[in-house]
Amino acid sequence: MTEKRTLRFGIVGCGSASIPVCEAISASPLTELSAVYDVNPEFANDISQRFHVPMTDTLEDLLSSRQVDAAYIAVPHYLLAPLTQQTLNAGKHALTEKPLAISLEDLDMLIALAKKQNLALGVFYEMRYAPAHAHARELIQAGAIGKIIAVQIQTLIDKPLSYWQSGYAGRSVNPWRGIKAQSGGGVVLMNTSHLLDALMYVTGLTVTRVSAEIGTLVADVSVEDIATATLQFDNGAVGSLIAGAHIIGAHDDEVCTLYGTEGQIRLPDPYSSNPMRLYLKRTWAEFEAGQWHTLGMEQVPVYARAIDDFALSVQSGQCAPINGNDARRVLSIVLAIYQSAKERKMISVS
């Protein structure tokens, strides 16, 4: 039996988002770091020194290297699609940060190109791997809470105003996050998108239409820092969404509650160590009816899981586990929210 070769990654974009991913790639027996590149040589050199891998002078050098099988792409949103396209055209697999693109046209182009090139196209929605999400998915698939009838999504964050200029880490000063043409959107696209992807993964539901309001009430930016929306799902369930980038005192407030005909699940902030909570109308397995159950979760390395699953999909010739179609589903909801707020009417999700 032929031993499967490790997947060799080149890093395109050496900002703060790349660091935990480089750590996961370096630690995995399935992958290795081969090269790094950034338009800012100081950032590339930093990652090169940290992980003892060569840096390239140009993106073309990295993508033409025979030592690179795949690229992890972490750049400002408006550059994600063109650099992913360049990667696929170079014959390399692409694992790209969310949202993969800021238009459905670009997303459709990338999906078609990856299929044509017979290459894997993955998107880094790593919070799908949070342990509470995996457990909730199992419970829902088994029918523990019955049919889902309602959903609440809450993304409340107390971001410093400096976030719009330099992110959380302050590693790179660049105002792209607050410029609509470069970011594609604010708190809904930047943050709520993670919960939307997790929600569809956990429940198997699809959002069919939305009605929304958005505003920019705190930050001096051209994207939203506050938003609310109502959602309709394909099974008839309804949902509410609230998102805020500058909610004073918010902490561990990126949460979701799933209401079913037989119970409910309260999903904790995936970035926290808080437990999942479960309430059932009927006894199910070891869970007694009529009382709240607190389910503590052992923390898992979500970045490592995402990297390993992508590598395994490449080795087996399968579609990436979180792929362009998943990114399209999320982006179509986000764009429908923005369109609804602009046109002040309900919008069907395409």
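Just so you know, all these numbers are worked out from the coordinates, no wet-lab data involved. Fair warning: this is a prediction, and the values are worked out from it, not measured in the lab. All Cβ positions, glycine included, derive from the backbone under ideal geometry; neighbour counts span all protein chains shown.
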>> Restricting to DSSP loop positions (anything but H, G, I, E, B) with no more than 11 other Cβ atoms inside 10 Å of their own Cβ, which trypsin sites (Lys or Arg not before Pro) remain in the stretch 260-350?
In response: 344, 345
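Quickly estimate the mean residue ellipticity at 222 nm for the chain, helices only: each DSSP H run with n ≥ 4 gives -39500 (n - 2.57), and the total goes over all residues, rounded to 500.
Calculated from helices alone, the mean residue ellipticity at 222 nm is -10500 deg cm²/dmol.
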> How high is the relative contact order of the stretch 1-144, in percent, counting Cα pairs under 8 Å that sit 6 or more residues apart?
Replying inline: 19
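Over the chain, what is the relative contact order in whole percent, taking alpha-carbon pairs under 8 Å and six or more residues apart?
Computed over the chain, the figure is 19 percent.
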> What range in the chain is the longest one free of GluC sites (Glu not before Pro) that are in a loop by DSSP and have at most 11 other Cβ atoms within 10 angstrom?
Replying inline: 4-285
> Once a ≥ b ≥ c are taken as the square roots of the eigenvalues of the Cα gyration tensor of the stretch 17-70, is the result rounded (a/c under 1.5), prolate (a/b larger than b/c) or oblate (a/b not larger than b/c)?
Replying inline: oblate
> Which residue, chosen from 131, 162, 119, occupies the Cα position most advanced towards the positive end of the dipole of the stretch 113-178, where the dipole is computed from +1 (Lys, Arg) and -1 (Asp, Glu) charges on Cβ about the Cα centre?
Replying inline: 119
>> Taking amide H atoms as placed 1.01 Å from N in the peptide plane, list the residues 5 or more away in sequence, or in a different chain, whose amide H sits under 5 Å from that of residue 253.
In response: 156
> Under a 5 Å amide H to amide H cut-off, with H placed in plane at 1.01 Å, what residues pair with residue 240 once short-range neighbours are removed?
Replying inline: 151, 152, 153, 231
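Net charge near residue 280: determine it from the other residues with C-beta under 13 Å of the C-beta of residue 280, scoring Lys and Arg +1 and Asp and Glu -1.
Around residue 280, the charge tally is +1.
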> When Lys and Arg each count +1 and Asp and Glu each count -1, what net charge do the other residues less than 10 Å away from residue 292, Cβ to Cβ, add up to?
Replying inline: +2
>> Using a Cα-Cα cut-off of under 20 Å, which lysines could be cross-linked to residue 98, ignoring same-chain neighbours fewer than 8 residues away?
In response: 115, 159, 180
> What list of ³J(HN,Hα) couplings, whole Hz, do you get for the stretch 38-51 from phi and the Karplus terms 6.51, -1.76, 1.60, once you set θ to phi - 60° and write x for glycine and proline?
Replying inline: 8, 4, 9, x, 5, 5, 4, 5, 4, 5, 4, 6, 4, 10
>> I need the chymotrypsin sites (Phe, Trp or Tyr not before Pro) found in the stretch 248-299, filtered to DSSP loop residues with at most 16 other beta carbons within 10 Å of theirs.
In response: 271
> Roughly how many whole Å is it from the C-alpha centroid of the stretch 119-149 to that of the stretch 96-114?
Replying inline: 22
> What are the residues whose amide H is under 5 Å from the amide H of residue 36, where those residues sit 5 or more places off or on another chain and H is modelled from the backbone?
Replying inline: 11, 55, 56
> When the chain is modelled as a GNM with alpha-carbon springs shorter than 10 Å, which of 136, 44, 112 fluctuates the most?
Replying inline: 112
>> Rounded to whole Å, give me the distance from the Cα center of the stretch 287-318 to that of the stretch 198-232.
In response: 25
